[in-house]
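Quick one: this structure, given as structure tokens, is what I'll be asking you about.
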Amino acid sequence: PAAAPAGGRVVASPFARSLAESKGVDLSTVVGTGPDGRIVAEDVEKAAASPAAAGAAAAPAAKASSAAPAAPAPAGVVPMTGMQKAVVKNMAWADSVPTYTVSRQIVTDDFDALYAQLKPKGVTVSAMLAKAVGLALAKHPIMNSNYVEDGISYNSDINVAMAVAMPDGGLITPVLKNADTTDIYSLGRAWKDLVPRAMEGKLSADEFSTGTFTISNLGMFGVSQFVSILPPNTGAILAVAASAPTAVLQKNGMMGMAKVMTVTITCDHRNIYGADAAKFLKDLARIIEEEPQSLLF
């Protein structure tokens, strides 16, 4: 069934509408899982990934592209938004920090199976990633720290910020607080509340500036691997790429297929060393690959 129209229109978040337009998804065919049936970005992503939806959208998309010319590209200098200016300032800060990256592949078959069970209950992939990272951070406090003049500041709370692209440019990082101890269902509800308000510029400073560790997830765009730039006053940021079927060597010594994603962590070398990052990723992989049920507690 499609999302129920309200007053003759489909109820969807601004980001979901933008995403649907870019992916050629007809929102009238999408089932909304947000509050009161509101369509959110993950509903659009699921619809876009459906073979039936892709086939149905192909012809109308081609027709639309021939009937409606693309909007003209901007000319000259376009002033930046306040959000974009803030990103520029943060990038300048990151350029002064000695950072390095470490990557690891993680099998997601069991993680994906758990998500399929939890999605109808309102749990998002973002919430599950935040929970997995929170549990791993609890075992590695150094990864939840940041450099200060001649010292290391260890954060008592594990607050996972999730990078979200804004429709008019820039990005914002809504925070899932106490991700290690908050139950997965509460994290899911919190994320579904934060994202629409982030898109509308209605988050309080406490809701986007208190992250102690950041995740940037571009998996929904099918990217195979990428590197994120370190946000100010944090020690690390994790870049999460798409999960894709991959040939892997199984425990029985035979080759088989599994869904695999590549994660890449960017760290401040002043307080986090390469071995710290490698140990953290090893435990994160163990949680996702072997202990996804631990996300429920």
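The values are calculated or read from the model by the stated rules, or taken from the named source; none is laboratory data. All figures in this text were calculated on a predicted structure; none of them were measured in a lab. No Cβ is skipped: glycine too gets one built from the backbone with ideal geometry, and neighbour counts run over all protein chains shown. What goes into the accessible areas is simple: the full protein's heavy atoms, side chains included, and nothing from ligands, DNA or RNA. Shrake-Rupley method; radii C 1.70, N 1.55, O 1.52, S 1.80 Å.
Since Pro167 meets every condition but one in (1) out of contact with any Phe, Trp or Tyr (no Cβ under 8 Å at 6 or more places or on another chain); (2) at pLDDT below 95; (3) open to solvent by 40 Å² or more (accessible area, probe 1.4 Å), which condition does it not meet?
Answer for Pro167: the failing condition is (1).
Now a separate question. Restricted to segment 81-96, and to residues that are assigned to a loop (DSSP other than H, G, I, E, B) and within 24 Å of the chain's Cα centre (by Cα), which residue is farthest from Leu129 (Cα to Cα)?
We begin by selecting, within segment 81-96, every residue assigned to a loop (DSSP other than H, G, I, E, B); these are 81, 95-96.
Imposing the further condition that a residue be within 24 Å of the chain's Cα centre (by Cα) reduces the set to 81, 95.
Numbers: Thr81: 30, Asp95: 27 Å.
That would be Thr81.
Turning to a different aspect of this structure: Suppose we filter segment 250-297 for residues that are under 24 Å from the mean Cα position of the chain (by Cα) and of a type in the set (S, T, N, Q); how many remain?
5
Just the residues that are assigned to a loop (DSSP other than H, G, I, E, B), touching a residue at least 60 places away in the same chain (Cβ under 8 Å) and open to solvent by less than 60 Å² (accessible area, probe 1.4 Å), please, taken from segment 202-234.
Step one: of segment 202-234, the residues assigned to a loop (DSSP other than H, G, I, E, B) are 202-204, 209-212, 218, 222-234.
Then drop every residue that is not touching a residue at least 60 places away in the same chain (Cβ under 8 Å), which leaves 212, 225, 227-234.
Within segment 202-234, Thr212, Ser228, Leu230, Pro231, Pro232, Thr234 meet the criteria.
Residues being open to solvent by less than 60 Å² (accessible area, probe 1.4 Å) and either in a strand (DSSP E or B) or at pLDDT 95 or above (or both): count how many of those fall in segment 235-263. Give the derivation first.
Within segment 235-263, the first condition is being open to solvent by less than 60 Å² (accessible area, probe 1.4 Å), and the residues that meet it are 235-244, 246, 248, 253, 256, 258, 260-263.
Going one step further and asking which of them are either in a strand (DSSP E or B) or at pLDDT 95 or above (or both), we end up with 235-244, 246, 248, 256, 258, 260-263.
Of the residues in that region, 18 qualify.
Scanning for something closer than 28 Å to Ala49 by Cα, basic (Lys, Arg) and either assigned to a strand (DSSP E or B) or open to solvent by less than 40 Å² (accessible area, probe 1.4 Å) (or both), does segment 185-196 turn up at least one residue?
yes
Quick one: which residue in Gly32, Gly24, Gly37, Gly82 is on the phi > 0 side of the Ramachandran plot and either at pLDDT 80 or above or open to solvent by 80 Å² or more (accessible area, probe 1.4 Å) (or both)? Even if it seems obvious, please write down each step before you answer.
Numbers: Gly32 fails: on the phi > 0 side of the Ramachandran plot; Gly37 fails: either at pLDDT 80 or above or open to solvent by 80 Å² or more (accessible area, probe 1.4 Å) (or both); Gly82 fails: on the phi > 0 side of the Ramachandran plot.
Result: Gly24 is the single residue among Gly32, Gly24, Gly37, Gly82 that is on the phi > 0 side of the Ramachandran plot and either at pLDDT 80 or above or open to solvent by 80 Å² or more (accessible area, probe 1.4 Å) (or both).
Here is a follow-up. Of the residues Met254, Met261, which is out of contact with any helix residue (DSSP H, G or I) (no Cβ under 6 Å at 6 or more places or on another chain) and within 26 Å of Lys119 (Cβ to Cβ)? Lay out the reasoning, then the answer.
On the way: Met254 fails: within 26 Å of Lys119 (Cβ to Cβ).
Going through Met254, Met261 in turn, just one is out of contact with any helix residue (DSSP H, G or I) (no Cβ under 6 Å at 6 or more places or on another chain) and within 26 Å of Lys119 (Cβ to Cβ): Met261.
Still on this structure: Is one or more of the residues making up segment 253-270 in contact with a strand residue (DSSP E or B) (Cβ under 7 Å, 6 or more places away or on another chain) and on the phi > 0 side of the Ramachandran plot?
Here is the first cut: in segment 253-270, the residues in contact with a strand residue (DSSP E or B) (Cβ under 7 Å, 6 or more places away or on another chain) are 255-270.
Still in the list and also on the phi > 0 side of the Ramachandran plot: none.
No, that holds for no residue.
Hey, another quick one. In segment 110-153, what residues are open to solvent by 50 Å² or more (accessible area, probe 1.4 Å) and of a type in the set (Lys, Arg)?
Lys121, Lys139 - these are the residues of segment 110-153 that are open to solvent by 50 Å² or more (accessible area, probe 1.4 Å) and of a type in the set (Lys, Arg).
While we're looking at this one, here's another question. Which of the residues spanning segment 112-135 are assigned to a helix (DSSP H, G or I) and touching a Lys or Arg at 6+ places or on another chain (Cβ under 7 Å)?
Step one: of segment 112-135, the residues assigned to a helix (DSSP H, G or I) are 112-121, 125-135.
Result: Asp112, single match.
Among the residues of segment 90-114, how many are among the aromatic types (Phe, Trp, Tyr) and modelled with pLDDT of 95 or more? Break it down stepwise before answering.
Within segment 90-114, the first condition is being among the aromatic types (Phe, Trp, Tyr), and the residues that meet it are 93, 100, 111.
Next, from what is left, pick out any that are modelled with pLDDT of 95 or more: 100, 111.
The total comes to 2.
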